[in-house]
Amino acid sequence: MTIRSFNPPPRSLMGPGPADVHPRVLAALARPTIGHLDPAFVGMMDELKTLLRQTFRTQNALTMPVSAPGSAGMELCFVNLVEPGDEVVVCINGVFGGRMKENVERAGGKPIVVQGTWGRAVDPEQVESALRQHPKARILAFVHAETSTGVSSDAKALAAIARQHDCLTIVDTVTSLGGSPVEVDAWGLDAVYSGSQKCLSCTPGLAPVTFSERSLEKVRDRKSKVQSWFLDLNLVMGYWSGEQKRTYHHTAPVNALYALHESLVMLSEEGLEQAWQRHRHHHLALRAGLEALGLELMVPESERLPQLNSVSVPAGVDEAALRARLLSRYNLEIGAGLGDLAGKIWRIGLMGYSSRPANILLCISAFASELGAMGHNTDASAAISAARALLDQDADCR
Ligand SMILES: *Cc1c(COP(=O)(O)O)cnc(C)c1O
């Protein structure tokens, strides 16, 4: 058998990530590769840092993309900030909080788990009492936007509690950055990581991070070397922050960084606050359509993420069969539930460039027609009208 060029099918990505990538970003990826120490490339890197600071809403000098996916951004924060024996309070209300705990253990730290409920926000009172009971803890780690459940936690309140107890924060903003408010400086977040492929509408594989001066002091004061060579901030900084001379650390993923630069230029052209508004507005339109089909969102309204909608699977519907039909007939990808929620929810993402009216109307029509074909009573026309009515309300969000 001859293996030929790979041409992916044309999908609409409405799952938990990656999201649809804008043609402008794909075009940027295809531009000629230049050397990663070329002065033209170094100039682009400086712009990239400025764009990331705007997106994170921070003045932090150390703000850069890690050359690896969101998970590496997570690992970078833990391996640099946690030293063997350190107590770290970790909030778990879904899959990604669980991974944070794993990271603490692998860095030799002692995780103190604040166990929350899947599908609910992290409870600030539980966090407060854990910090009171463990006065030696110097780090609080939590996920701002839990993609496994579609829940938003109150990062501002959690960071304020951490500060009262003299703790730094490690915050996962992989799904929130670009889709809902993230205010690194105003909320006083310390070590914050994200991912390129969710609300930033870029290709997967890069992890924007930002570190406060306070958190860098802890890194500089380490008694032991960071056990990861690739993720050791002291070394990575030599490449990303050496003002005049940049030292070779690893070959930057040159074309991927063009793509991230383009996606952040697009975000600044739209306006960050306008992008938050667009996600919120489209979430309301999607919700109106789904509710008109008799479907319910799982997360309580005040804790919902606009960019990740968890929909309860109605009794008698085979959730995997419906997802398979959406993919094969409509080229539409949505996500399944994880862990305890497997088989119980669908996860519909409205992230970045995926958050647009055509996708919402496709999703509502596809659900209506396939639920109907599976014997579930639905009114397709009422659902489309309900979503349309909301989409028509705000011309800026098209
Ligand atoms: C997607 C995601 C990650 C991991 O990012 P990868 O790019 O898949 O490594 C981490 N945290 C959250 C909340 C995510 O949604």
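The values are calculated or read from the model by the stated rules, or taken from the named source; none is laboratory data. Since we're looking at a predicted model, the values are computed, not measured. Virtual Cβ from ideal backbone geometry, glycine too; neighbours counted across all protein chains shown.
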Every listed condition ((1) of a type outside the set (S, T, N, Q); (2) within 26 Å of residue 49 (Cβ to Cβ); (3) more than 16 Å from the ligand (Cβ to nearest atom); (4) in contact (Cβ under 8 Å) with a residue 60 or more places away in the chain) holds for residue 159 save (4)
Of all residues in region 304-328, which are of a type in the set (Val, Ile, Thr) and surrounded by fewer than 19 Cβ atoms within 10 Å (Cβ to Cβ)? 317
Among the residues of region 262-276, is any modelled with pLDDT of 95 or more, surrounded by 22 or more Cβ atoms within 10 Å (Cβ to Cβ) and closer than 14 Å to residue 42 by Cβ? no
If the Cβ limit is 9 Å and pairs must be 6+ apart or interchain, which residue in region 186-205 that is closer than 19 Å to residue 279 by Cβ and of a type in the set (Ser, Thr, Tyr) pairs with which residue that is modelled with pLDDT under 95 and more than 11 Å from the ligand (Cβ to nearest atom)? none
Please determine, by comparing only the residues of region 84-114 that are within 24 Å of residue 250 (Cβ to Cβ) and not hydrophobic (A, V, I, L, M, F, W, C), which one is surrounded by the most Cβ atoms within 10 Å (Cβ to Cβ). 103
So which residues in region 199-227 are within 16 Å of the ligand (Cβ to nearest atom), out of contact with any strand residue (DSSP E or B) (no Cβ under 8 Å at 6 or more places or on another chain) and either more than 21 Å from residue 169 (Cβ to Cβ) or charged (D, E, K, R) (or both)? 201, 202, 203, 204, 205
Failed item in (1) under 22 Å from residue 67 (Cβ atoms); (2) more than 11 Å from the ligand (Cβ to nearest atom); (3) part of a loop (DSSP other than H, G, I, E, B), with residue 195 passing the rest: (2)
Filter result for the condition that a residue is over 19 Å from the mean Cα position of the chain (by Cα) and acidic (Asp, Glu), over 75, 87: 87
With respect to the numbered conditions (1) under 28 Å from residue 97 (Cβ atoms); (2) touching a Leu at 6+ places or on another chain (Cβ under 9 Å); (3) not hydrophobic (A, V, I, L, M, F, W, C), which one is the sole condition not fulfilled by residue 303? (2)
Are any residues in region 170-188 outside any helix (DSSP H, G or I) and more than 15 Å from the ligand (Cβ to nearest atom), and if so, which ones? 181, 183, 188
For region 70-155, please list each of the helices (runs of 4 or more DSSP H) lying entirely inside it that holds at least 2 residues being within 11 Å of the ligand (Cβ to nearest atom) and within 23 Å of residue 181 (Cα to Cα). 70-81, 95-106
